[in-house]
Amino acid sequence: MTVEQAGLIYKTTSEIRGPILMVEGIRGVSYDELVRIRRPTGEEVTGSVLDVSRDWAMVQCFGDTSGMDLNITIRFTGETLKIPMSPELIGRVFSGSFEPLDGMPRPLSTDLRDVNGGTINPAARDVPSEFIQTGISAIDGMNSLVRGQKLPIFSESGLSHNMMAAQIARQATIPGSEEDFAIVFGAMGIKHEEAAYFREEFEKTGALSKSVMILNLADDPPIERIVTPRIAQTIAEYLAFDLGMHVLVILTDMTNYAEALRAISIAREEIPTRKGYPGYLYSDLATIYERAGRITGRSGSVTLMPILSMPAGDITHPVPDLTGYITEGQLLLQRELSLRGIYPPMNPLPSLSRLMKDGIGAETTREDHSDVSNQLYMAYAEGTRARGLVRIVGVVGLSERERTWLEFADRFENEFVKQGPYENRSIEQTLEIAWDLLSILPEEDLIRIRETYINKYHPAHKSES
Amino acid sequence: MSLVGTIERINGSLVLAKFDGEPKMGDLIEVGNLKLMGEIVRLSGETAYVQCYEVTSGLRPGEPVVDTGHPLVAELGPGIMSTIVDGVQRSETELWNLTGPFVSRGTNIVPLNREKVWPFEAKVETGDKVVGGDIIGTVQETESFEHRVMIPPDQSGTIKSIKSGDFTVEDVVGELETADGVVPLKMMQTWPVRMGRPTNERLPLEQPLMTGQRVIDTFFPCAKGGAAAIPGGFGTGKTVTLQQIAKWSDADVIILIGCGERGNEMADVVAHFPELEDPRSGRRLIQRTVIIANVSNMPVSAREASIYMGVTLGEYYRDMGYDVAIMADSTSRWAEALRDISGRLEEIPAEAGFPAYLSDRIAQIYERAGRVVTLGGGRRIGSVTLLGAVSPPGGDFSEPVTTHTLRYIGTFWALDTELAYRRHFPAINWLRSFTRYMDVASRWWSQFDPGWEDIRARALRLLEEASEIEETARIIGEKALPDEQRLVLLMAEMLREGFLVQNAFHEVDTYCEAEKQAALLKVLIDFYNEVEPLIRQGVPIERIREMGVVNDLLRLKENPGTDPIDEARGLLKVQADEVAEEYEVTER
Ligand SMILES: Nc1ncnc2c1ncn2[C@@H]1O[C@H](COP(=O)(O)OP(=O)(O)OP(=O)(O)O)[C@@H](O)[C@H]1O
Ligand SMILES: [Mg+2]
């Protein structure tokens, strides 16, 4: 018997309830340990221990339990779920439970890592502060991303979040540095064509050779999605903190992950909170998201971009809501903008990057960046308010000032937010567009911008000097 | 002679065990071969339910459990200040040194450093009669912070010996002759975190906690010894506001509890506080700050403990005679930890899955705020101010944690998502927020400017009026409103932009001293008083907007000091006179 096959073997399953199995008459089983479940036909799937006493264990099965009967063989492996780490993982494609999908052999290594990872000691964290230029104005100008940040995309089905994530993956650079990102891509329940799209996009730019893909697709077992993002994050941590790489992790779609968690919770008959999700959804999501960051004394970084769909576009739905409470901001895509032909259909107002302040300014982007961003927010908010008013009183009912705000909002959406999926704007270009638009407004209304910057960067004054 | 037993079952963080004896509720337990820390949360027949503070992966039924015989305590003595600890008071800096950047399990380090030597200066003499709370000596804990070593609350007697000199926290610095014999005096004492430390007397609140944040100090102040809550959806500014208060408030000691929130936010404090100076004393902010970081991906049960730990540390400094401000970010995550534990114990849930005792627990925590006469002689006065962030699901304030909290606090800073979206920060909604400490604050502000109360009331009324007028404007358009009403809208806009909006990241405006706050509000109201008669007598609102001083008034906050405010007032008079002349307005 090889080490891999060692462990305690039982054929004493007494109950199968959805994804949950009860196994009786066991001994010496540990909490959270990895379980191999074998059907009489020889097919094997994995699971883990959720609750254990001296003589029974409750197991969650990551594979499909339909068609299973009580004659299955349960092997307790004595170990938690661990995956082998080596530089050879780069360029590979795996299933959502780490089976090779690329026809190559299983990776081998003695360096095994628990997929649950550890918790980064808060005292050992290095505050992320390096500006990443994504080439997308709505992000760089108003919601700047920094290396080591966790910034999700909140979207709805049918919107161009994939295109946007791929554009970010393609264009993201640190200005003045040649380093590219390595990409870890974790898919939970997305469609084949979506996964293929990412693959092609990565291939086009050569990013594929610097990426690892972990794919649980729409027709793969839903409960497997519990481990998929954890495998992705474990690999990302290794690449970043052991090999010193800068890693961008894309996890899509986190709503499917949360649904898997809910299915387990319901099968365990736990008391649900909102919309049937368990009370620990926040803490559980945090164990995935908080693995992003930087560590003092280690050169790499994990930047995390989860994508999640908001059911019915509702930002207060538990999944986006609890995500927003954990991540360092959010980028919000909206159908309304998409319908008006705006790509990326990102509404800056409900979007936020909390780490922007550390990444921008005279030393990294430009001294006026923060003020300009604040002013754009204020002006666009006024503009959308004026737009709401037009619906009631018509354009004629607007004051002169309101009309200017309105014009600003329209041009802002079409010239600043809107851009091509292959258009890569430098931060200077982004700020130039911003100033051009702001110059529509009377100068007194640029109240969020310091006068020194107005004198220096406002088109009206720039031509003077 | 401690009780031992074995693990029977492991369900997540809850471990069921049987002891060969009778353990007590609340006892601290060493769980399993790894000696993880846990606490007894229920006793039922022979079974003890242990809530584990660390991840339980790999634990097996049959492994041993050991009862330490005491509940979770805080170690109190020099060495607390300027540190970053987890929810059960383990130094995270120390853990990092010992086990690397990832938290490892079962590393049981003692909270206070046992080797470090502190210069102890005795303040009592042999033969002095002392009671619990009396100060027996002082230690310079940080460059600018004096730690006062006290007789533990439950002791009293006569000083038999005492000496100044360099000691560790466990060294004997003296002896106390008590009714039950002689006991050694040390710099360190312990206290169970779930129990409030005793005081001699509760006092009425007398002073506002000044924070340098205009919307707070001027409109919705909290009193020293009071309690405040700041609820809001994600990204509305809870953390930034609490950190601003931690930075700029006039408390002597700050306890910042990161309870189930982000690791990077804690790292940010650790990185920036050492660089920042207190505007009043000039000392480094980190020298008066304790950080408790039990972040979101750390075990839920230690999160539950972290708030009690923070409050206990705060009470200890209060007992020395200091004003302490404690910020808990976020109490909702604490409540969720409570819910999680309750759910695993299969208790019957009340609202939203929370246990029925949620309200009592919230009350117990906020009850520990207060201004008191401390134990010991000399009528030493200290205070604990408690400020809690609340993170309501979906930003909806009707949920249990927000509604229960509301009953026990005096100041409510309601954050508003709409304001946050347009980057109006602090996004504290002036119509939904309230304070019950206005009398305390008014008294304090009046010593500055006797007319202050009226000016504040006037400003608040203008803001309220404006929001009513806006309702109408939403239907008929602003243009269709009479100019008197449009002036109110202009005034509200000026109050918002010129006064309420305060960018935490602006080098000057991050902190606004009381004198400047008062002057700024006054000049804005002066503006209204100047131009309102002009409008009434037919000067069009557009002409008022064109007055150059309008823009100056909006930017006054960006400049340090009050001189520019006086200049603007001069300019205001001149320009108002010009307009009056232009339109031949006589009655003003
Ligand atoms: N006073 C302020 N000045 C400038 N910016 C602010 C201010 N308050 C908040 N912000 C902005 O809002 C962002 C979100 O604030 P903050 O992190 O405090 O939100 P929060 O309410 O704590 O959210 P969460 O519940 O998710 O933790 C900040 O990153 C900052 O950009
Ligand atoms: Mg926060």
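The values are calculated or read from the model by the stated rules, or taken from the named source; none is laboratory data. Here the structure is a predicted model, which means the values were calculated and not measured. Backbone-built Cβ (ideal geometry, glycine too); neighbour counts: all protein chains shown. Areas reflect the complete protein model, heavy atoms only, side chains present, ligands, DNA and RNA absent. Shrake-Rupley method; radii C 1.70, N 1.55, O 1.52, S 1.80 Å.
Could you pull the accessible area for residue A:209 with a 1.4 Å probe, rounded to 10 Å²? Approximately 80 Å² of residue A:209 is accessible to the 1.4 Å probe. Sorting B:573, A:11 by accessible area puts them as A:11, B:573; the probe is 1.4 Å, largest comes first, and only protein heavy atoms count. Per residue of peptide A:25-33, the mean number of Cβ atoms on other chains within 10 Å of the residue Cβ is 5. Cβ-Cβ distance of residue B:128 and residue B:201, R₀ of 22 Å, FRET efficiency by 1/(1 + (r/R0)^6): the value works out to about 0.45.
Note on B:256-264: average number of Cβ atoms from other chains within 10 Å of each residue's Cβ is 6.
With Cα atoms defining each centre, region B:277-310 and region B:495-540 are spaced 35 Å apart in the structure. For region A:281-295, a reduction of at least 40 Å² in accessible area between the chain on its own and the assembled protein chains (probe 1.4 Å) is found at A:282, A:283, A:290.
Within straight-line reach of residue A:11, meaning a Cα separation under 26 Å, sit the following lysines at least 8 residues removed in sequence or on another chain: A:82.
Ignoring ligands, DNA and RNA and using a 1.4 Å probe, state the total buried accessible area between A and B in Å², rounded to the nearest 100. So the total buried area for this chain pair works out to about 6700 Å². Within straight-line reach of residue B:479, meaning a Cα separation under 15 Å, sit the following aspartates and glutamates at least 8 residues removed in sequence or on another chain: A:400, A:402, B:470, B:471, B:542.
Put simply, the C-alpha atoms of chain A give a gyration tensor, and the ellipsoid matching it has half-axes of 47, 24, 18 Å, longest first. Using heavy atoms of the protein chains and a probe of 1.4 Å, the accessible area assigned to residue B:380 is about 40 Å². Antiparallel beta bridges, as assigned by DSSP with both residues in chain B, represent about 70 percent of the total such bridges. Counting Cβ atoms of other protein chains within 10 Å of each residue's Cβ and taking the mean over peptide A:52-59 gives 4. For every other residue with a beta carbon closer than 11 angstrom to the beta carbon of residue A:64, add +1 if it is Lys or Arg and -1 if Asp or Glu, then tell me the sum. Local net charge: -3. Within region A:424-455, list the residues whose amide N lies under 18 Å from a label point set 7 Å along Cα→Cβ of residue A:414. Taking a point 7 Å out along Cα→Cβ of residue A:414, the residues of region A:424-455 whose backbone N falls under 18 Å are A:433-441. For region B:3-70, the solvent-accessible area of protein heavy atoms averages 38 Å² per residue (probe radius 1.4 Å; ligands and nucleic acids excluded).
Under the classification rounded if a/c is under 1.5, otherwise prolate if a/b is larger than b/c and oblate if not, where does region A:1-95 fall, given a ≥ b ≥ c as square roots of the Cα gyration tensor eigenvalues? Verdict is prolate for region A:1-95. So how far, in whole Å, is the C-alpha centre of region B:1-64 from the one of region B:395-446? Taking the Cα centre of each part, region B:1-64 and region B:395-446 sit 42 Å apart.
In a simple Cβ point-charge model (Lys, Arg +1; Asp, Glu -1; nothing else charged), the protein assembly as shown has a dipole of about 1760 debye relative to its Cα centre.
Can you send over the carbon and sulfur percentage of the accessible area for chain B, probe radius 1.4 Å, protein chains only? Percent of accessible area from carbon and sulfur atoms in chain B: 50. Could you state the number of Å between the C-alpha centres of region B:106-180 and region A:147-166? Taking the Cα centre of region B:106-180 as reference, the centre of region A:147-166 is 57 Å away. Going by accessible surface with a 1.4 Å probe and the largest first, B:123, B:186 read B:123, B:186. The orientation-averaged projected area of the convex hull spanned by the Cα atoms of chain B comes to 29.7 nm². A Förster radius of 30 Å, combined with the Cβ-Cβ distance separating residue A:275 from residue A:41, puts the computed FRET efficiency at roughly 0.20. At an R0 of 22 angstrom, the distance between the Cβ atoms of residue A:11 and residue A:64 translates into a FRET efficiency of 0.65. Farthest towards the positive end of the charge dipole of the protein assembly as shown, among the residues B:533, A:252, B:221, is the Cα of A:252, using unit charges on the Cβ of Lys, Arg, Asp and Glu. Give me the log10 of I(q) over I(0) for region B:3-70 at q = 0.16, 0.19 Å⁻¹, as the Debye formula computes it from C-alpha points; what are the numbers? The Cα Debye sum returns log10 ratios of -0.39, -0.56.
Charge tally around residue A:398: other residues with Cβ under 12 Å, Lys/Arg +1 each, Asp/Glu -1 each, net +1. Placing a label point 7 Å from the Cα of residue B:107 along the Cα-to-Cβ direction, the residues of region B:286-314 with a backbone N closer than 20 Å are B:291-303, B:306. Which residues of region A:309-338 bury at least 20 Å² of accessible area once all protein chains are present, versus their chain alone (1.4 Å probe)? Going by heavy-atom accessible area, the residues of region A:309-338 that drop by at least 20 Å² are A:315, A:316, A:321, A:325, A:328. Ignoring aspartates and glutamates fewer than eight residues from residue B:160 along the same chain, the ones with Cα atoms less than 17 angstrom from its Cα are B:121, B:125, B:128, B:134, B:171, B:175, B:177, B:180. Please give the net charge around residue A:320, taking every other residue with its beta carbon less than 11 angstrom from that of residue A:320, where Lys and Arg add +1 and Asp and Glu add -1. Value of the local net charge: -3.
Just check region B:452-582 against the gyration tensor rule for me: Cα atoms, a ≥ b ≥ c as the square roots of the eigenvalues, rounded for a/c under 1.5, and otherwise prolate or oblate depending on whether a/b exceeds b/c. Oblate, because a/c is 1.5 or more while a/b does not exceed b/c. Accessible surface of residue B:247, taken over heavy atoms with a 1.4 Å probe and every protein chain present, rounds to 40 Å². How large, in percent, is the carbon and sulfur part of the accessible surface of chain A at a probe radius of 1.4 Å? Carbon and sulfur together cover 51 percent of it. Return the subset of A:357/B:557; A:150/B:247; A:191/A:418; B:129/B:163; B:516/B:573; B:224/B:516 for which the Cα-Cα distance in this structure is over 24 Å, preserving the input order. Long pairs (Cα-Cα over 24 Å): A:150/B:247; A:191/A:418.
Considering helices alone, the calculated mean residue ellipticity of the protein assembly as shown at 222 nm is -9500 deg cm²/dmol, with DSSP H runs of length four and up weighted by -39500 (n - 2.57) and normalised per residue.
Shape call for the protein assembly as shown from the C-alpha gyration tensor, a ≥ b ≥ c root eigenvalues: rounded (a/c under 1.5), prolate (a/b greater than b/c) or oblate? Oblate, since a/c reaches 1.5 and b/c is not below a/b.
Residues B:131, B:531, sorted by accessible area with the largest first, give B:131, B:531 [1.4 Å probe; ligands and nucleic acids excluded]. Taken per residue, the accessible surface of region B:452-582 reaches 40 Å², heavy atoms only and a 1.4 Å probe.
Restricting attention to chain A, close to 60% of DSSP beta bridges with both partner residues there are antiparallel. Straightening the chain between residue A:101 and residue A:177 buys 24.0 nm, computed as 0.36 nm per residue apart minus the Cα-Cα spacing. Interface residues of region A:434-460, defined as those with an accessible-area decrease of at least 20 Å² between the chain by itself and the complete set of protein chains (probe 1.4 Å), are A:444, A:447, A:448, A:450, A:451. Annotation: the antiparallel percentage among DSSP beta bridges lying fully within the protein assembly as shown is about 65. Within region A:301-323, list the residues whose amide N lies under 20 Å from a label point set 7 Å along Cα→Cβ of residue A:109. Of the residues in region A:301-323, A:301-304 have backbone N under 20 Å from the label point off residue A:109.
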